[in-house]
Number of protein chains: 2
Amino acid sequence: MLKDLDLSVSLDKEQYKERLDELTIQIGQLQRQAREAGLPILVAFEGWEASGKGTQINRLLQTLDPRGYSVHVANPSEEDKWYPYWKRFWVRAPAKGRITVFDRGWCLEAIDCLYREKPDEKGFERACREINAFERQLADDGTLVLKFFLHIGRKEQKKRFDALGENENTAWKVSREDRRQNDQYKQWRDAVQAMVERTDTESARWHFVPSEDRRYATIAVLSQFAEAVSRALQDRVAAAARAASTKKAGQGDAPKDLAPDKGAARTPASELTRNAILSQVDLSLSLTKDDYAGSLSHWQDRVRDMEHAMYRERVPLMVLYEGWDAAGKGGNIRRLTSPMDPRGYDVYPIAAPNEVERAHHYLWRFWHTVPKAGHLSILDRTWYGRVLVERVEGFCTPEEWRRAYREINELEEELTESGVSLVKFWLHIDREEQLKRFEERQAVPWKQWKITEEDWRNREKWDQYEAAVDEMLFRTSTSYAPWTVVEANDKRYARIKALRTVAERMAERIDF
Amino acid sequence: MLKDLDLSVSLDKEQYKERLDELTIQIGQLQRQAREAGLPILVAFEGWEASGKGTQINRLLQTLDPRGYSVHVANPSEEDKWYPYWKRFWVRAPAKGRITVFDRGWCLEAIDCLYREKPDEKGFERACREINAFERQLADDGTLVLKFFLHIGRKEQKKRFDALGENENTAWKVSREDRRQNDQYKQWRDAVQAMVERTDTESARWHFVPSEDRRYATIAVLSQFAEAVSRALQDRVAAAARAASTKKAGQGDAPKDLAPDKGAARTPASELTRNAILSQVDLSLSLTKDDYAGSLSHWQDRVRDMEHAMYRERVPLMVLYEGWDAAGKGGNIRRLTSPMDPRGYDVYPIAAPNEVERAHHYLWRFWHTVPKAGHLSILDRTWYGRVLVERVEGFCTPEEWRRAYREINELEEELTESGVSLVKFWLHIDREEQLKRFEERQAVPWKQWKITEEDWRNREKWDQYEAAVDEMLFRTSTSYAPWTVVEANDKRYARIKALRTVAERMAERIDF
C-alpha cells in the first residue's frame, strides 16, 4: 500500500554518481537493443504535485538517444479536447523500437473521479476498465508499458510548495489546486490507492518511487526502467525462439545478434526498493513479563466475548499467519485460540499440496478453508505461499507468481465483499534471532522435531525471501485487506499485538 | 447481439440421428484425450426458463463416460448461503482431466442486478469484474471454460409455459417468476446482453444456441463442445512442444500419444451456427427508379440539414462501411456525401497498412480517423479488417483475430462513451450478384480498373468470408454500436437505406 512505503531512503553523492554512470551505459545499450528488436516502450510518470516528475523525466531522457523517444504532456491541449479522451494517448503510442514518455499518464481521470466532494464511483469503474483495456491491448501487441508513481509525504510536499512560494520567480508554479492536494493529502492518496488496486496488472505494472531524495528517486527510476526493458527483451528472445521452433526454420522474427543478458541490470531494482516496508519495522519492541500477563488476560477475555458476538451476528473472519521459520506462529496461534469456543473456529495448517490439491488451481484448496458465517478460520501459512516459497524455490514459473498478486487481491476482495473480514499477519524476526532460535531448537531435545534440514536450507536464501516478502507486503496490502506486520523478536510482544489486532478487527465488525 | 440470432433453424430426425452418432463417438474420444492430457473442463448452461437446459445437459452427459464428470446446480443450497458467493463455484471447479457441468452458471447474479425495478449498476459492474476474474484465473491455469446460452423467443417461451401449465403433472414447474420473465422478455434479454458484453472474453467464450428446435440445439451444443475441447487439446500440444523445445528434452509435459487432429470435429460448429445473422437477410428488397428519386432527394435534404445541426451542437459521427467486393460501397458513400458540406466530413479509404502503420498496433491508424466534435468520418473499410481479410488470409494469428472482437468492442464503447456515434454498415449481396457485377466490370472498359485478380481470388473463399462475416456481425453488434446489414443486391435500395439510417442516427443525437 502506498502509505506503507518507506520515504526516508536516500543516496549520497558518491553512490549516486557511481550508479548513474553504470545505468547510463546500460540504458544506452538497452535502448539500442530495443530498437533493433522492434520493442515499443510506453512510459508514464504520475505522482504528487512537486514530486519532481519533470526532473526525473529529464534524467531518464539524458540516458537515451534523443532520436529514439518522444515526450508528451498528458494534459489535453485545446485541440485534444475536441476528441475522445483516449485519442491523444493512442495516436502517441510508440512505434516498434521507439519510446514514448508521458508527463502524467492516462490514469489521472480515474483518480479525479474519486477525489471530489461527491465521488463518481461509476465514472471511476469505467475509467479503470478503459485503462485496463488500453494497457492490455498494447501489451498483447508487444508494447512494454511502464508506470511510475513518484511518492512524497505531506510535510515534504508542503515544504516544497513553501520554497517555491517564497521565490517570486517560482511562486506562480504553486496553484490553489496544488495547495488543496496538500490540505487533502489523505483523500488524494486514498484515491490513488484505489486506482492502483484496479490498474496494477501484468500488462502494466505500477512502480512506486520514494521521491523525497531526488538522487534516490533517479536511481530507482533508471534501475526499474533498465530491469523492465531487459526483461521484456529476454521475453522476446524466448518467444521468438519458441516461434522459430514451431514455425519453419527462418520464419521466426528473432532479432539478430541480440544478447539481452549482457545488458541485464547488475543490481536489480528490487534490491533498491526491497525493504521499502520491512526496513521500517522496529524489532526492538518488547513487553515485560508482568505487562504481558496483564495484557494477555485482558485481550483473551475480549476475544472470547467477541467470538460469541460474531457468532450471534453471523460475521465470518479469517486470520492468516505468515512469517519466517521459527518466528513463533504456533505459539501465537495457541494464545489466540485458547480463550475461544472450539466449535466456532478451525485452524488449518498449510503444508505442501497433496495429490488432489495439485490437480487443481493453487487457490482451490483455500476455498475449502473459507469460514461459514459466524465462524473463524485461522490459517498457519496461506495462499501467499505462491509468492513466497513457490517463487523462491522455483515451484512455479515467474509468470505464475507474477500473476498471483492480482489473483490474490481479487480473491481477498471477493471475500471481503461477501462480508468475510481478513486479518493478515507477517511475523517478522531478524536473521540473528532466527539463528538463535534454530540453535536452541537443536540443543533442546523436546524441541528438536521443530527443526529440519529444510529450515537450514531456506535460511541460506534469506535475501531472496526478504525480497519476496517485501514485494508481497507492498503489492497485496490493500484498502480492503491490509497486512499487519508483527514485530516478533520478542514473542510476548508479538502475541499481544496479534491478539489485540484480531480483537480490534472483530470490534469493528460488531460495533463492540 | 442476442436479438439478431436466427431462431428458425431446425434439423429433421435423420440429419439429427446421423450427426448425433458421429458426435457421440467423437466426444467419447475427446473426453479420453482430455483425461490423458489432464485438461479440466468447466461448462455452464445458462438460458431462458423453459429453454431446455435440463434436456441439453442430459444429452451432453449421454455422450460422456460418467466416471469423468460431475453435475451441479448453481442455485445455492441452504448450506451454500452461509458462505461467500464464489465458494460453491470454486470448490466444484474440475480437477485435471475432469469435467464439471453447472446447470445455470455463475453469471446469473450479474443479470439479476440489472433485471429489477431499480437496476443496481454498481453491483452489476462488480459482479462482472468478479466473473472475469474467476474465468481468467481458471483459464490461465489451463482450464477450458465453456458457457452456453440457450435462446428461445418470447412466443415460444409462452407456448412452452402454457403447455406445462395445461398438464396438471407439470403445472407446478411454471412459477410466477417464470411468467414474469415472459412478460418482461425484453428487459431480461437486455440484461443478458449487457452481461454478455462484459463477460465474453478469450478466457471464457459465450456460445449462443438457438433452442426452439431441440434437435438443432443438441447438435449445436455437442458440436461446439467438441470443437472447443479439440482446440484446447491442440493448444496444449502446441504449448507442450514449445515448452519442450525451450526446456531440456524430456522435461516437457507433452501428453503422450495424443493426436487431437484425429478427434477434430468433421463439421465445425461454425458451419452450423454461421448464417445465424446473414441467413435472415432479404436480398429481394428493391426500389423502383421513381421511388428512388423521390427518396433520394428527401433523405439527402435531411442529411444536409442535420450535418449543420450536428456541427452546431458539436456532435461527432463515424460511418463505417464494410461489405463484399462489388457490393457498391463507393456509390453508396457518394450518395451520402454529395449533399454535405465538405468542410464537415472526411472520407478515409482503408487499404493495406503502410510501413508506418505496420510498426504500430492495428488499431493505431484508426484513432487518426476519429472525428473532431461536430464532424463526420466516413470509413471505406475499417478496423473490422482484422476479423475479415486478416483472419481469412492469415495476415494475423488466430490468437490475434480472436482477441480482436473484444478489442474492437472496447474501442467502440470508448468512442460512444465519449459521445461519438457509430453507424456500421455491412453491404450484403449474394454470390450470384457478385459474379454478375464482376463480369460487367470486366466487360465495360471504363469499369475495368475496378476489378483485379485479387477480387477473383477472394471470391473463391466466399464460404470462409461468409463465416467470418457472420461471426463478426454476431460478436460485435452491441447495445452501444449495433450493425446495420444493408440489403444491397439492389443498389438503389441500399443507398436509400444507408442514407436513412445515417439520417435517423443523426436525428437521435440532436433531437431533430
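Taking the criterion of being within 14 Å of another protein chain (Cβ to nearest Cβ), in contact with a Ser or Thr (Cβ under 8 Å, 6 or more places away or on another chain) and either buried (at least 19 other Cβ atoms within 10 Å of the Cβ) or farther than 27 Å from residue B:358 by Cα (or both), the only residue of region A:139-158 that qualifies is A:145. From the list B:477, B:421, the one residue that fits, being among the small types (Gly, Ala, Ser), under 27 Å from residue A:127 (Cα atoms), within 14 Å of another protein chain (Cβ to nearest Cβ) and in contact (Cβ under 8 Å) with a residue 12 or more places away in the chain, is B:421. Restricting attention to region A:141-173, the residues that are closer than 30 Å to residue B:399 by Cα and β-branched (Val, Ile, Thr) total 2. If the condition is being among the charged types (D, E, K, R) and more than 8 Å from every other protein chain (Cβ to nearest Cβ), then region B:80-97 contributes B:80, B:81, B:88, B:92. Selection of region A:346-371 for residues being surrounded by fewer than 16 Cβ atoms within 10 Å (Cβ to Cβ) and among the basic types (Lys, Arg) yields only A:358. Listed by first and then second residue, the pairs linking a residue in region B:126-137 that is at the interface with chain A (Cβ under 8 Å from one of its Cβ atoms) to a residue that is part of a helix (DSSP H, G or I), with Cβ atoms under 6 Å apart and 6 or more places separating them unless they lie on different chains, are B:130/A:414; B:133/A:410; B:137/A:407.
Can residue B:4 be described as touching a helix residue (DSSP H, G or I) at 6+ places or on another chain (Cβ under 9 Å) and acidic (Asp, Glu)?
Working: touching a helix residue (DSSP H, G or I) at 6+ places or on another chain (Cβ under 9 Å): yes; acidic (Asp, Glu): yes.
Considered against the rule, which asks whether it is touching a helix residue (DSSP H, G or I) at 6+ places or on another chain (Cβ under 9 Å) and acidic (Asp, Glu), residue B:4 comes out as yes.
Conditions tested, residue by residue: (1) surrounded by 14 or more Cβ atoms within 10 Å (Cβ to Cβ); (2) at pLDDT below 95; (3) not in a helix (DSSP H, G or I).
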site	(1), (2), (3)
B:160	yes, no, no
B:172	no, yes, no
B:197	yes, yes, no
B:207	yes, yes, yes
B:212	yes, no, yes
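For region A:449-467, does any single residue satisfy the condition of being away from chain B (no Cβ under 14 Å), surrounded by 17 or more Cβ atoms within 10 Å (Cβ to Cβ) and within 30 Å of residue A:510 (Cβ to Cβ)? Within region A:449-467 (the criterion being away from chain B (no Cβ under 14 Å), surrounded by 17 or more Cβ atoms within 10 Å (Cβ to Cβ) and within 30 Å of residue A:510 (Cβ to Cβ)), the answer is no, since none of the residues qualifies. Checking each residue in region B:39-79 for being within 12 Å of chain A (Cβ to nearest Cβ) and either among the hydroxyl-bearing types (Ser, Thr, Tyr) or buried (at least 16 other Cβ atoms within 10 Å of the Cβ) (or both) picks out B:39, B:40, B:42.
With respect to being out of contact with any Asp or Glu (no Cβ under 8 Å at 6 or more places or on another chain) and either away from chain A (no Cβ under 14 Å) or modelled with pLDDT of 95 or more (or both), residue B:251 falls outside the description.
Let's see how each residue does on (1) in contact with a His (Cβ under 7 Å, 6 or more places away or on another chain); (2) small (Gly, Ala, Ser); (3) modelled with pLDDT of 95 or more:
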position: A:60; (1), (2), (3): no, no, yes
position: A:70; (1), (2), (3): no, yes, no
position: A:75; (1), (2), (3): no, no, no
position: A:83; (1), (2), (3): no, no, no
position: A:123; (1), (2), (3): no, yes, no
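Taking residues in region B:355-370 that are under 10 Å from residue A:91 (Cα atoms) and within 7 Å of chain A (Cβ to nearest Cβ), and partners anywhere that are assigned to a helix (DSSP H, G or I) and among the basic types (Lys, Arg), the pairs with Cβ atoms closer than 8 Å and at least 6 places apart or on different chains are B:367/A:87.
The numbered conditions (1) more than 11 Å from chain A (Cβ to nearest Cβ); (2) in contact (Cβ under 8 Å) with a residue 12 or more places away in the chain; (3) farther than 23 Å from residue B:481 by Cα are all true for residue B:396 except (1). Is it the case that residue A:488 is small (Gly, Ala, Ser) and either in contact with a His (Cβ under 6 Å, 6 or more places away or on another chain) or on the phi > 0 side of the Ramachandran plot (or both)? Taking the combined requirement at face value, the residue satisfies it. Within region A:381-418, being in contact with a strand residue (DSSP E or B) (Cβ under 8 Å, 6 or more places away or on another chain) and within 18 Å of residue A:206 (Cα to Cα) holds for one residue alone: A:406. On the stretch given as region B:314-343, residues that are surrounded by 17 or more Cβ atoms within 10 Å (Cβ to Cβ) and small (Gly, Ala, Ser) total 4.
Only residues that are surrounded by 19 or more Cβ atoms within 10 Å (Cβ to Cβ) and either under 24 Å from residue B:337 (Cβ atoms) or within 9 Å of chain A (Cβ to nearest Cβ) (or both) were counted in region B:373-387, giving 9.
So is residue A:27 out of contact with any strand residue (DSSP E or B) (no Cβ under 8 Å at 6 or more places or on another chain) and either modelled with pLDDT of 95 or more or buried (at least 21 other Cβ atoms within 10 Å of the Cβ) (or both) or not? Please lay out each step first, then the result.
Details: out of contact with any strand residue (DSSP E or B) (no Cβ under 8 Å at 6 or more places or on another chain): yes; either modelled with pLDDT of 95 or more or buried (at least 21 other Cβ atoms within 10 Å of the Cβ) (or both): yes.
Yes: the conditions hold for residue A:27.
Scanning region A:361-400 for residues that are polar (S, T, N, Q) and more than 19 Å from residue A:461 (Cβ to Cβ) yields A:369, A:377, A:382. Here residue B:137 clears all of (1) in a loop (DSSP other than H, G, I, E, B); (2) closer than 23 Å to residue A:400 by Cβ; (3) in contact with a helix residue (DSSP H, G or I) (Cβ under 6 Å, 6 or more places away or on another chain) except the condition numbered (1).
Identify, please: which residue in region B:372-421 is at pLDDT 95 or above and of a type in the set (Lys, Arg) and is, among those, farthest from residue A:90 (Cα to Cα)? Filtering region B:372-421 for residues that are at pLDDT 95 or above and of a type in the set (Lys, Arg), the one farthest from residue A:90 (Cα to Cα) comes out as B:391. The requirement of being away from chain B (no Cβ under 14 Å) and among the charged types (D, E, K, R) is satisfied by residue A:177.
In region A:398-512, counting only helices (runs of 4 or more DSSP H) that sit wholly within it, the ones holding 3 or more residues that are farther than 18 Å from residue A:323 by Cβ and within 16 Å of the chain's Cα centre (by Cα) span A:398-417. On inspection, residue A:482 passes the criterion of being surrounded by fewer than 19 Cβ atoms within 10 Å (Cβ to Cβ) and either in contact (Cβ under 8 Å) with a residue 12 or more places away in the chain or among the β-branched types (Val, Ile, Thr) (or both).
The values are calculated or read from the model by the stated rules, or taken from the named source; none is laboratory data. It should be emphasised that the depicted structure is a prediction, and the values quoted were computed from it without experimental measurement. Ideal geometry is used to build each Cβ from the backbone, glycine not excepted, and the neighbour counts take in all protein chains shown.
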